[in-house]
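Enquirer: One structure, as C-alpha cells, below. Some questions next.
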Amino acid sequence: MDLIIWRHAHAGDPLDDPVADMARPLSSKGERQAVRVADWLNKHLTDSTRVLVSPALRAQQTARALGRAFKTVEALSPAHGVDDLLAAARFPRSREAVLVVGHNPTLGLALARLLEAADTTQPWVIKKGSVWWLRTRDREGGDQVTLHAVIGPDNA
C-alpha cells in the first residue's frame, strides 16, 4: 500500500478559536505551493488513488489544486489523531494508494509511528505544503514501511 501524506499548504498563523481556525484559508503563498505540489503529485499518482481530505478550509483548498475528486473525512480534522487517520486510510490494507491531506501534529505523529522513530510522542516537523510518500510491503514477520519520497513545496 502507498500512503501519501500531504500537509495543507501555507495558511498563515493558527487562530485561537478552533471553530474560526477551521475556516482559515490558504494565503497567496499557500495557493502557489498547492499548485506546485499538485502538479508533481498528478505526475506520480495513479488514477485509482483515493484522496481523503480534512474538512478544514485550508486542507480543502490544498486538495482542490489536484483537480481530482476527493472525499472530506471528519477523522482528518485537527481535533482527531493518528489512529483516526490510519483507520480512514484503511492502513495498511487498502488495495489502492491513499493520499491524505491534513494537519500537524497528527501527520508528524503518524510519520514518527509508521517509520518507527525512537520517540513516537513527538511529531515530526512537516513543512506546510510538503508530501511524504510511504510504501508498505508485506514481508515475512509483518508489514515493512519505507519512505518512498519527500517533496517540499519549493522543490516540487
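Enquirer: Out of 125, 85, 35, whose Cα points farthest toward the positive end of the dipole of the chain (charges: +1 Lys, Arg; -1 Asp, Glu; placed on Cβ)?
Expert: Projecting each Cα onto the dipole axis, the largest value belongs to 35.
Enquirer: What share of the DSSP beta bridges in the chain is antiparallel, in percent to the nearest 5?
Expert: Once the DSSP bridges in the chain are tallied, antiparallel ones form about 55 percent.
Enquirer: Go through 79-86, 126-133 and give me the packing order, highest mean Cβ count within 10 Å leading.
Expert: Averaged packing, sorted descending, gives the order 126-133, 79-86.
Enquirer: Which ³J(HN,Hα) values, rounded to whole Hz and listed in residue order, are derived for the range 65-78 from phi using the Karplus coefficients 6.51, -1.76 and 1.60 in 6.51 cos²θ - 1.76 cosθ + 1.60 with θ = phi - 60°, glycine and proline given as x?
Expert: 4, 5, x, 10, 5, 9, 10, 7, 10, 4, 5, 9, 5, x
Enquirer: So what's the convex hull volume per residue for the Cα atoms of the range 31-138, in Å³?
Expert: In the range 31-138, the Cα convex hull volume per residue is 98 Å³.
Enquirer: Run the reach check for residue 71 against aspartates and glutamates, Cα to Cα strictly under 17 Å, same-chain hits fewer than 8 apart removed. What comes back?
Expert: 47, 84, 96
Enquirer: Residue 127: which lysines have alpha carbons under 19 Å from its alpha carbon, excluding same-chain residues fewer than 8 sequence positions away?
Expert: Counting by Cα, and skipping residues close in sequence, residue 127 has these lysines nearby: 29.
Enquirer: So, one more: May I ask you to derive the relative contact order of the chain, considering only C-alpha pairs under 8 Å and at least 6 residues apart, and to give it as an integer percent?
Expert: 32
Enquirer: Further question: Using alpha carbon centroids, what distance separates the range 7-44 and the range 91-156, in Å?
Expert: Cα centroid of the range 7-44 versus Cα centroid of the range 91-156: 19 Å apart.
Enquirer: Hey, another quick one. Once phi is turned into θ = phi - 60°, what whole-Hz ³J(HN,Hα) does the Karplus curve with 6.51, -1.76 and 1.60 give for every residue of the range 55-60, x standing for Gly and Pro?
Expert: Rounded to whole hertz, the list is x, 4, 3, 4, 6, 4.
Only the coordinates and a few stated rules stand behind these numbers; no lab work does. All values derive from a computational prediction rather than experimental measurement. Positions of Cβ are generated from backbone atoms using ideal geometry, with glycine treated the same way; all protein chains shown enter the neighbour counts.
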